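Taking it in order: structure first as structure tokens, then the write-up.
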Amino acid sequence: MKNIAFIINPIAGTINKKKLPKLIEKCIDSKQWLTNIIFTEHPGHATELARQYAKMGFDAVVAVGGDGTINEVVRGLRDTQTALGILPMGSGNGLARHLNIPLRVNRAIEMLNHSEPISIDYGLANDRLFVSTCGTGFDALIAEQFAKAGTRGLKTYLEKIVTDLVTYHPQTYRIEVNDEDTKSEGVKSVIEQKAFLVTFANSSQWGYEAHIAPKASLQDGLMDICLMNSAALLGAPSIALGLFTKSIDKSLFMHTVHARDIMLIREKAAPFHIDGDPVEMEKDVRIRIVEDGLRVLVEKRF
């Protein structure tokens, strides 16, 4: 028997979760798992709970919510042997989509019954942990506006994009890249560019199947640095198509670099997001990868 805890964020996404404990008990294999189910009560609570479960030697802790909830849970599990499980009940569910975890909750629970742990990388932005993406520019502004909105979901997200698109003013970024496209030390290049957005991608997408870094891997020890240039507005239709057809990396408006250690130098402090949630961040940001720092449950490969 293995111990598994479900940490449920009651305010993630748009679906009421009052009946979720009964569904978990119904779908989980009780011959394989001893379950513990708890709801979070305040921001940061998921991290506290996950850390406690890891110290208790639990085999797995399941984040029930979106990418923000996952981020909180991972902060308590990183660099331990306790594996992360995911029940995607957020808005974009970017990490779950990248890992091919079913979006239907009952199927995601059932997947845990025939899952296996794999090791993946996570990232740090000035020592703030992220699993999927972080960044600055237009996407960070939308994350900030989305967080302030009274409603969630794709409709609200698209409304914020349309509202802010025409008034957004890009800034110039300096990106100092160490060990570009390699794991050796001492290789350095500098990119200075006016950009619509800069995304640091450990996984392939923001969520909603919008793939900002189609070839990103959680297991390659490298970060995909995605710079969308300031002329992006001129190519908005083709950019939208590229995001949803996994071809944005081929766009003339996009430049992608791979590295383990990056310094982002901005003209001024501006919105920044960590796994889709807006955060206060210093003007200059060091981005680096931590290899094999997290175990996560995925569908078993027979």
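The values are calculated or read from the model by the stated rules, or taken from the named source; none is laboratory data. As the structure is a prediction and not an experimental result, all values here were calculated from the model. Because the Cβ atoms are built from the backbone with ideal geometry, glycine has one as well, and the counts that use them run over all protein chains shown. For the accessible areas, the whole protein counts, side chains as well, though only heavy atoms, and no ligand, DNA or RNA atoms are used. Shrake-Rupley method; radii C 1.70, N 1.55, O 1.52, S 1.80 Å.
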Does any residue in the stretch 64-82 that is of a type in the set (A, V, I, L, M, F, W, C) come within less than 6 Å, Cβ to Cβ, of a residue that is modelled with pLDDT of 95 or more and in a helix (DSSP H, G or I) six or more places away or on a different chain, and which pairs are these? Ile70/Leu95; Val73/Ala46; Val73/Ala50; Leu77/Ala50; Leu77/Ala54
Note on the stretch 59-81: residues farther than 20 Å from Ala125 by Cβ and polar (S, T, N, Q) are Thr80, Gln81
When the residues of the stretch 72-107 are narrowed to those that are open to solvent by less than 10 Å² (accessible area, probe 1.4 Å) and small (Gly, Ala, Ser), which ends up modelled with the lowest pLDDT? Gly94
Restricting to the stretch 198-213, name every residue that is crowded, with 19+ Cβ neighbours inside 10 Å and either in contact with a Cys (Cβ under 8 Å, 6 or more places away or on another chain) or not hydrophobic (A, V, I, L, M, F, W, C) (or both). Val198, Thr199, Phe200, Ala201, Asn202, Ser203, Ser204, Gln205, Gly207, His211, Ile212, Ala213
Residues (free of Cβ contacts under 8 Å to residues at least 40 places away in the same chain and under 19 Å from Thr167 (Cβ atoms)) located in the stretch 220-231: Asn229, Ala231
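Would you pick out the residues in the stretch 103-123 that are under 14 Å from Arg301 (Cβ atoms), in a strand (DSSP E or B) and not hydroxyl-bearing (Ser, Thr, Tyr)? Explain how you work it out, then say what you get.
Restricting attention to the stretch 103-123, the residues satisfying the condition of being under 14 Å from Arg301 (Cβ atoms) are 111, 114-118.
Applying the additional criterion that residues be in a strand (DSSP E or B) yields 115-118.
Residues satisfying the conditions are Glu116, Pro117, Ile118.
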Every listed condition ((1) at pLDDT 90 or above; (2) open to solvent by 40 Å² or more (accessible area, probe 1.4 Å); (3) aromatic (Phe, Trp, Tyr)) holds for Tyr157 save (1)
